[in-house]
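In what follows, a structure is listed as structure tokens, so that the remarks can point back to it.
FYI, it's all coordinate maths here, none of it is from the lab. Since this is a predicted model, take the numbers as computed values, not measurements. Reconstructed Cβ throughout: ideal geometry from the backbone, glycine too, with neighbour counts over all protein chains shown.
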Amino acid sequence: MQASRARLFKEYKEVQREKVVDPDIQLVCDDSNIFKWTALIKGPSETPYEGGLFQLAFAIPEHYPLQPPQARFLTKIFHPNVHFKTGEICLDILKTAWSPAWTLQSVCRAIIALMAHPEPDSPLNCDSGNLLRSGDLRGYRSMARMYTRLAAMPKKG
Amino acid sequence: MPDSTEAAEEPRSDQNPNPSASGFLGAVTAEEGNEWSSFRDDEIMKQHSEIQAVEAVKIPFVGDKEPITALAAEFQYGSPILQEKIKLIAEQYLALRRTRGDGNCFFRSFMFSYLEHILETQDKAEVERIIAHIEMCKKTLKSQGFTDFTFEDFFSTFLEQLESVSQGQDASISHDELLERSRDQSISDYVVMFFRFVTTGEIRSRSEFFEPFILGLTNSSNTVDQFCKTSVEPMGEESDHVHITALSDALGVAIRVVYLDRSSCEAGPVTINHHDFIPSAPSKMSTERDDSTMASTNIITETATVSNPSEQEDGTTATAATTEDSRPPFVTLLYRPGHYDILYPK
């Protein structure tokens with residue numbers, strides 16, 4: 001518990017420095033609980049998520065960084081590896097391939113990379129996965145684009 | 001195939017925002033989706049720790065010292081060849097100390113065996129030597145782009161343990177205390193992770209050397225990086241020759257592995273194989289050699305006493321047959337397919 005707190009504090013300080021370096025990620029620690037974080041990430045360009053701002057929630061376990069943070073999308077997203085209802089993310093580094101070498105910041109980068117490179121063969125959202133697996137890129141993109149507009153972009157007027 | 005009109009209809013079904021239930025694709029996949037949703041991340045993690053808890057009851061991270069006869073008892077209904085081999089092991093080895101089979105057994109065995117050796121010998125020169133190597137490992141990791149704070153806690157945990165076993169005969173922690181710490185997850189797992197960082201740094205810095213050995217283990221194209229990310233850096237990933245070679249080289253500590261498996265039992269009398277992992281000449285030190293200061297020369301000489309000079313030219317490890325002139329490695333592990341324990345020579 002003490003070790004995880006110390007580590008998270010180091011990450012907190014690092015995040016303050018990195019803000020300038022990586023404008024696509026804005027990590028925020030809960031005011032009263034260092035084990036709860038949220039992040040705002042920008043949808044990568046040249047993807048259906050471009051222009052969207054997606055919110056992630058992190059719950060940090062007691063044995064962090066030996067155990068991975070739990071991460072999920074709070075913003076609705078249509079993506080093969082994100083559960084459409086719960087926002088759960090299917091990403092190996094959040095499960096078996098986790099290592100303390102990762103940080104909350106680098107996990108965010110990995111999630112952005114996942115948005116740009118979906119892996120339809122291990123889908124959490126089967127509809128999205130099936131569209132990609134059947135080669136219907138246009139279908140996938142239009143669905144993903146629509147949800148980006150509906151959920152991840154500021155409402156106009 | 002969703003055209004724009006159908007897609008536009010989606011958000012209207014307020015009660016059921018899941019598109020899998022909305023018709024065109026839903027029939028086949030809805031059920032699958034539900035199955036998945038019942039396995040949440042936290043539940044999977046919970047299940048993992050429950051399995052670990054069951055294992056923990058069977059054996060602590062590091063077990064008690066057992067007479068070598070315990071091994072014979074375990075295999076009394078096993079293959080006759082293995083029974084023969086155990087007899088041979090019993091001729092040379094006194095005792096055995098088991099470690100938990102949680103994928104970290106090699107690192108955990110090395111940790112205990114090494115620290116116990118330092119505690120018993122109070123070998124100050126060895127402590128200084130390994131500390132110099134550890135400093136090198138830190139620099140290596142930094143140069144590879146690892147962020148300091150991701151590994152420094154693990155390094156300090158190991159250095160703390162090293163310090164507390166090398167305070168001299170009276171001031172050091174007791175043997176029992178060392179055992180207790182090795183069983184304490186918050187220390188034991190941190191030391192394991194320290195070794196994983198050291199190992200990954202070494203493999204990455206000599207990727208061209210390790211690549212041929214890794215090539216057969218993964219299908220991926222970016223083999224070394226991928227191997228380190230998936231098979232070295234995460235906790236619970238099992239070790240093999242690549243890990244052992246890298247750790248031995250990085251820390252400059254020789255490791256003897258005794259094989260209790262079905263190897264070399266085809267023809268002739270049953271023999272017991274062992275393999276000595278002799279650290280190759282510390283390539284990273286050679287850059288310092290240019291300074292030709294006394295200090296760095298000392299480090300090299302010290303390394304040479306645990307290395308086998310004859311093996312340093314080609315940088316590979318070899319079996320013990322040729323190492324009569326150097327003292328045997330003080331870390332001795334027993335390998336059974338998929339698992340490492342600690343062995344105590346007579």
- Task: Please give the net charge around residue B:64, taking every other residue with its beta carbon less than 14 angstrom from that of residue B:64, where Lys and Arg add +1 and Asp and Glu add -1.
- Result: +1
- Query: Using the Cβ atoms and a cut-off under 14 Å, what net charge is assigned to the surroundings of residue B:98, where Lys and Arg are +1 and Asp and Glu are -1?
  - Reply: +1
- Note on the structure: If amide H atoms are modeled at 1.01 Å from N in the peptide plane, then the residues at a separation of 5 or more from residue B:273, or on another chain, having amide H under 5 Å from its own are B:259
- Task: Using only Cα atoms, locate the centre of the stretch B:42-94 and the centre of the stretch A:21-63, then give the distance between them in Å, rounded to an integer.
- Result: 45
- Based on DSSP H runs of at least 4 residues, each adding -39500 (n - 2.57), what is the mean residue ellipticity at 222 nm of chain A after dividing by all its residues, to the nearest 500 deg cm²/dmol? -11500 deg cm²/dmol
- Spatially proximal lysines relative to residue B:46 (Cα-Cα < 20 Å; intrachain offsets below 8 disregarded): A:36, A:95, B:58
- Note on the structure: Averaged over residues of A:124-131, the number of beta carbons from other chains lying within 10 Å of each residue's Cβ is 6
- When Cβ neighbours within 10 Å are restricted to other protein chains, what is their mean count per residue of peptide B:238-248? 0
- Karplus ³J(HN,Hα) for the stretch B:121-133 (6.51 cos²θ - 1.76 cosθ + 1.60, θ = phi - 60°; Hz, whole; x = Gly/Pro) runs 9, 6, 7, 4, 4, 5, 4, 4, 4, 5, 4, 4, 5
- Order of A:137, B:179 - criterion: other Cβ atoms within 10 Å of each residue's Cβ, fewest first: A:137, B:179
- Task: Order by neighbour count: B:136, A:153, B:111, B:235, fewest other Cβ atoms within 10 Å first, most last.
- Result: A:153, B:235, B:136, B:111
- Item | Pairs from A:85/A:155; A:42/A:76; A:19/B:138 whose Cα-Cα separation, in the structure shown, is over 20 Å | A:85/A:155; A:19/B:138
- Item | Residue order, fewest to most beta carbons within 10 Å, for A:79, A:63 | A:63, A:79
- Message: Please compute, for peptide B:146-155, the average count of beta-carbon atoms on other protein chains lying within 10 Å of each residue's beta-carbon.
- Response: 5
- Query: How about residue B:139: which lysines have a C-alpha closer than 25 Å to its C-alpha, ignoring those fewer than 8 places off in the same chain?
  - Reply: A:10, A:13, B:124, B:229, B:284
